[in-house]
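Each reported figure results from applying straightforward, stated rules to the coordinates on display, with no laboratory input. Note that the coordinates shown come from a computational prediction; the quantities given were computed from them, not determined experimentally. Quick reminder, even Gly has a Cβ in these numbers, built from the backbone with ideal geometry, and neighbours come from all protein chains shown.
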Amino acid sequence: MKKTIITVIGRDTVGILAKVCTYLAKNKVNILDISQTVTGGYFNMMMIVDLSECTKSFDAFSMGLERIGASLVLKTNCQKAEIFEKMHRV
Amino acid sequence: MINLSEVTETNKMIAEENLDVRTITMGISLLDTASSSLDATCKAIYDKLLKYAGNLVETGDAIGRDFGVPVINKRISITPIAMVGSSCCKKTSDFVKIAKTLDKAAKKIGVNFIGGYSAIVSKGMTRADELLIRSIPEAMASTERICSSVNVGSTKTGIDMDAVRLMGEIIKEAALKTKKADSIGCAKLVILCNAPDDNPFMAGAFHGVSEGDVVINVGVSGPGVVNHVLKSIRGADFETLCETIKRTSFKITRVGQLVAQEASARLGVPFGIIDLSLAPTPAIGDSVADILKEIGLEHPGAPGTTAALALLNDQVKKGGVMASSYVGGLSGAFIPVSEDQGMIDAVNAGALTIEKLEAMTCVCSVGLDMIAIPGDTPASSISGIIADEAAIGMINQKTTAVRIIPVAGKKVGDTVEFGGLLGRAPVMNVSKFSCEAMISRRGRIPAPIHSFKN
């Protein structure tokens, strides 16, 4: 399992989740968990995904996601999950 | 399972509070490159550095992208060159040739610094040690990326006062040789006592002879993160203060441990240590001085500064030790003046003097770091400052160091711009009273007694 955390932050608009999920499906990336909040029109989403079957390299996948984010004026981040697990779990 | 608030906390530390991994430093032994021919030695050094560190920069950057955390510096530390060149260097220019080879290798590999143009002379100098030391000004003036260090004392050996006297002169000479660039040669030269073999931080990094052939050491940072979290508990009691620093230090260090293990695996080089240091940069908000202010000082240098720094340093270690499997290097809070905007402000406000900084070095790792002093300061006074720091290290069984810049042509009140990570420094006052007669004595200070501690 190549557990990876995707975060998407920015102004809320119609179709964010749809566009991100379509991109994930196209690259054979499985979603393990999603949590999302919208406060004062501000969208904040985190996804835990598995990149084991991903057809692209990590860098290429991450850059593709960034381009989709940028087209919706959103900031996306794609990070391997270990950084969060190490930092927040003893 | 990781939750949204934890992810947000980590990413806020990176994006807004300057959390980063300050350096991945590859330590490389050059002992096997030594030979009696200068050209053969230079070639062997170049080839070995390229062989092991050729992918260092690329790998460091890839790890940074994978975890979304900046890996600021990729660097190399090497066996002290005085040892490597002892057979083939007969004059100072021979050592300078090795320095130029190292500089060429550093540029080819893409690392911003290579540390280890060094001599370990805690008890005495060999002919090669002295030649290397005398070559430092020329080596600093004719290279860009070389860092030099000289260890002049230790708790076990005492202090080599002949080396201390010589270093006062060498610092002055290096300042003059790099006068056009505000004496920047001295910013890459550090004089140590009890220097660790596995320090990943420049300018004092070298790969000691107690180390293996190649090793990965990592220096973490994050004063901005500590400062930010302390703001949220303003006015709390000491227990809460200390617990908060410890917890934050744990989190910061875990990132360093992860990056170190990843770098070690990808480069096929054993993991050495994590250096638990709060290393500031000139960036706003990335300051150790700001933490001291948040603890409750108007400026660093106010009464209480030494206590606040002792507390901070100790809690950082307590939190960090738990987060890493191996801890080493300098491991303490750095208090460089030019690289920390809060320190610069404190000097400009008249709150911080060299004497108070010296007191602070009794409880933190590094010593008098990146301090600009008037260019006309006598060499003997610089030696006196080095001797004072070395004495603090020797007696207290800790690492101390002096990285001081007698800026040619500048006087108290002027400001010097070094640029980049080295920052800018106000020129500070040095006592006008002489120690010439003491420094001109020959020999060494004996090793201290380890009982009757008072």
Once the principal axes of the Cα atoms of the range B:220-445 are found, what is the range along each, listed largest first in whole angstroms?
50, 43, 34
Of B:Ser29, B:Val363, A:Ile6, whose Cα points farthest to the positive end of the dipole of the protein assembly as shown (charges on the beta-carbon: +1 Lys, Arg; -1 Asp, Glu; origin at the Cα centre)?
B:Ser29
In whole Å, what three semi-axes, largest first, describe the equivalent ellipsoid of the range A:3-88 built from its Cα gyration tensor (square root of 5 times each eigenvalue)?
20, 16, 11
In whole Å, what are the Cα extents of the protein assembly as shown along the three principal axes, biggest one first?
79, 58, 47
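Please give the FRET efficiency for A:Lys75 paired with B:Thr306, using the beta carbon to beta carbon distance and R0 = 45 Å, rounded to the nearest 0.05.
On the way: r = 43 Å, r/R0 = 0.95.
Efficiency, rounded to the nearest 0.05: 0.60.
When a/c reaches 1.5 or more, the comparison of a/b and b/c decides; with that in mind, is the range B:169-292 rounded, prolate or oblate per its Cα gyration tensor?
Numbers: a/c = 2.42, a/b = 1.25, b/c = 1.93.
Oblate is the answer for the range B:169-292, as a/c is 1.5 or above yet b/c matches or exceeds a/b.
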Under 20 Å Cα to Cα from B:Lys100, which aspartates and glutamates show up? Leave out anything in the same chain fewer than 8 places away.
B:Asp32, B:Asp39, B:Asp47, B:Asp129, B:Glu130, B:Glu138, B:Glu144, B:Glu173
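Work through the residues other than B:Arg403 whose Cβ is under 13 Å from its Cβ and net out their charges, Lys, Arg +1 and Asp, Glu -1.
The answer is -2.
How big is the charge dipole of chain B about its Cα centre, in debye rounded to the nearest 20, if each Lys and Arg gets +1 on its Cβ and each Asp and Glu gets -1 on its Cβ?
Working: 47 positive and 48 negative charges, 216 e Å.
About 1040 debye.
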Can you tell me which aspartates and glutamates have their Cα less than 13 Å from the Cα of B:Lys123? Leave out same-chain residues fewer than eight positions away.
B:Asp160, B:Asp162
For the range B:317-387, just list the percent of Cα-Cα distances falling in each 5 Å bin from zero outward, please.
3, 13, 21, 21, 17, 12, 7, 4, 2, 0
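Evaluate the Kirkwood expression for the hydrodynamic radius of chain B, namely the inverse of the mean inverse distance over all pairs of different C-alpha atoms, and round to one decimal in Å. Mind dumping the intermediate values first?
On the way: mean 1/r = 0.0456 Å⁻¹.
Result for chain B, one decimal place: 21.9 Å.
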Quickly work out the B:Thr353-to-B:Met322 label distance, labels modelled 7 Å from Cα along the C-beta direction, and quote it in nm with one decimal.
4.1
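Using Cα pairs under 8 angstrom and six or more residues apart, how large is the relative contact order of the range A:1-53, in percent? Working shown, then result.
Values: 81 pairs, mean separation 28.3, N = 53.
Dividing the mean separation by the residue count of the range A:1-53 yields 53 percent.
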Taking every other residue with Cβ under 11 Å from the Cβ of B:Ile120 and scoring Lys and Arg +1, Asp and Glu -1, one gets -2
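Multiplying the sequence separation of B:Ala437 and B:Ser210 by 0.36 nm and subtracting their Cα-Cα distance, what value in nm do you get? The partial results should precede the final answer.
On the way: separation 227, 0.36 × 227 = 81.72 nm, distance 3.74 nm.
Gain in length upon complete extension: 78.0 nm.
What does the helix-only formula give at 222 nm for chain B: each DSSP H stretch with n ≥ 4 adding -39500 (n - 2.57), the total divided by the residues, and the result rounded to the nearest 500 deg cm²/dmol?
On the way: 15 runs with 199 residues, N = 454.
So the helix-based figure for chain B works out to -14000 deg cm²/dmol.
What fraction of the Cα pairs in the range B:27-193, stated in percent, has a spacing above 21 angstrom?
47
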Within chain B, longest stretch clear of exposed chymotrypsin sites (Phe, Trp or Tyr not before Pro) (DSSP loop, no more than 14 other Cβ within 10 Å):
B:1-325
Which of the residue pairs B:Lys172/B:Lys318; B:Lys43/B:Lys74; B:Lys51/B:Lys177; B:Lys74/B:Lys410; A:Lys26/B:Lys108; A:Lys56/B:Lys48 have a Cα-Cα distance greater than 29 Å in the structure shown?
B:Lys172/B:Lys318; B:Lys51/B:Lys177; B:Lys74/B:Lys410; A:Lys26/B:Lys108; A:Lys56/B:Lys48
Relative contact order (%) - criterion: Cα under 8 Å, at least six apart; region: the range B:27-193:
21
Quick check: residue separation of B:Thr126 and B:Glu144 times 0.36 nm, minus the Cα distance between them. What number comes out in nm?
3.8 nm
Cα centroid of the range B:78-128 to Cα centroid of the range B:145-167, whole Å
15
Determine the equivalent ellipsoid of the range B:150-208 by diagonalising the alpha-carbon gyration tensor, then write out the semi-axes as square roots of 5 times the eigenvalues, largest first, rounded to whole Å.
23, 16, 5
With a sphere of radius 14 Å drawn around the Cβ of B:Thr155, what net charge do the other residues whose Cβ falls strictly inside it have (Lys, Arg +1; Asp, Glu -1)?
+3
